[in-house]
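Contents: one structure, followed by commentary.
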Amino acid sequence: MGSFKIPKKSIVLEAKEYVLITLGLIIYAFGWVFFLLPFKLVSGGTAGIGAIIQYATGFPMQYTYFIINIILLCVAIKELGVKFCVKTIYAVFALTFCLELVQELLYSYKFDALSLLGQEATFEASIIGACFCGMGIGICFVNGGSTGGTDIIAAIINKYRDVSLGRVIMSIDVAVVVSSGFIFGSGEVSKVFYGLITLLISATMLDYVVNSNRRLVQFLIFSKKYDEISEYITKDMHRGVTLLNGVGYYTKEDTKVIVTMMRATEAVEVFRIVHEIDPCAFITQSRVSGVYGAGFDKIKVKK
């Protein structure tokens, strides 16, 4: 075996996840502050509850969001594990800060969708704002975090049942949007309609972001340096490896074939490391419809 040294990247990957969670929170906060709040639109979750309270009393939505989520996190620690909850705690604090910061920045310059698009653009604002919110939540989920609230409830349900995250969140959040009708009154019942549109689109965007990250691929790697490649994949990428015995028909030489499964987003890393270890390696990549087991999706069936 050669002298190739496997780099340590766990800290870098962890930092990358927090950066992406922060990016998702900024996108989510921007969708709320720029598009939804100026038109007094309501979406689901604790943010939606906070928005309803803000419309009715003037109490800032970020503080309501923060208080409710602290209570929910006390329940979530037991069900979702320390790693998920640590990132969720970070996300709750960070989103509270982002909501306040984005409001101060945009409103100090009187720059939002209402001033940009006009008062008749409620429908457009609900669609675009929902896309931003769904994308932001999706980025958080993909990187092991959550914006809290109904996201926590959905994550707990998804842990035990093979149910779409977006569908769970939407079914829970419909009650929040419908309840806003009691605040707006019969004169603005259309706000409930726009809220339901926001829910549908944000859930669809969430599913798209999360499921795009679940695309899976299978690699067959033919290399004389199979030991070094397998060591990197198992120890640094935390993916399983199976070695198959093979014989080259032309050379009649024995060879090892590496078989491994991973996310499509990890494919570039495989090509990079294989090329560094053995530029002469032969690789095939194919898509698979689903992988169930340790490190991938759990098999969720009723007993």
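Values computed for the structure shown
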| read-out | value |
| --- | --- |
| With all protein chains modelled, accessible area of Glu104 [1.4 Å, Å²] | 110 |
| The stretch 1-153, accessible area per residue, ligands and nucleic acids excluded (1.4 Å, Å²) | 47 |
| Calculated [θ] (222 nm, deg cm²/dmol) that DSSP helices of n ≥ 4 give over the chain, each run adding -39,500 (n - 2.57) | -20000 deg cm²/dmol |
| Solvent accessible area, Å² - Lys225, 1.4 Å probe, full protein context | 90 |
| Dipole in debye (nearest 20) - the chain, about Cα centre, beta carbon charges: Lys, Arg +1; Asp, Glu -1 | 860 |
| Across Lys16/Lys225; Lys110/Lys191; Lys224/Lys252; Lys225/Lys252; Lys16/Lys87, pairs whose alpha-carbon gap is larger than 21 Å | Lys16/Lys225; Lys110/Lys191 |
| Lys224, Lys40, Lys235, reordered so the largest accessible area comes first (probe 1.4 Å) | Lys224, Lys235, Lys40 |
| For the stretch 91-138: rounded, prolate or oblate by the Cα gyration tensor [a/c cutoff 1.5] | oblate |
| Proximal aspartates and glutamates to Lys78, defined as alpha-carbon separation beneath 18 angstrom and excluding residues fewer than eight positions away on the same chain | Asp151 |
| Inverse of mean 1/r across different Cα pairs in the chain, Kirkwood, Å | 21.5 |
| With DNA, RNA and ligands ignored, accessible area of Ile157 (1.4 Å probe; Å², nearest 10) | 70 |
| With Cα atoms, 0 to 90° folded angle of helix 61-108 axis to the chain main axis | 50 |
| Carbon plus sulfur fraction of accessible area for the chain, probe 1.4 Å, in percent | 64 |
| Order of exposure, largest accessible area first, which applies to Thr88, Thr57 with probe 1.4 Å | Thr57, Thr88 |
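The values are calculated or read from the model by the stated rules, or taken from the named source; none is laboratory data. This is a predicted model, so every value here is computed, not measured. In this analysis, Cβ positions are derived from the backbone assuming ideal geometry, glycine residues included, and neighbour counts consider all displayed protein chains. Side chains included, ligands, DNA and RNA excluded: accessible areas come from the protein's heavy atoms. Shrake-Rupley method; radii C 1.70, N 1.55, O 1.52, S 1.80 Å.
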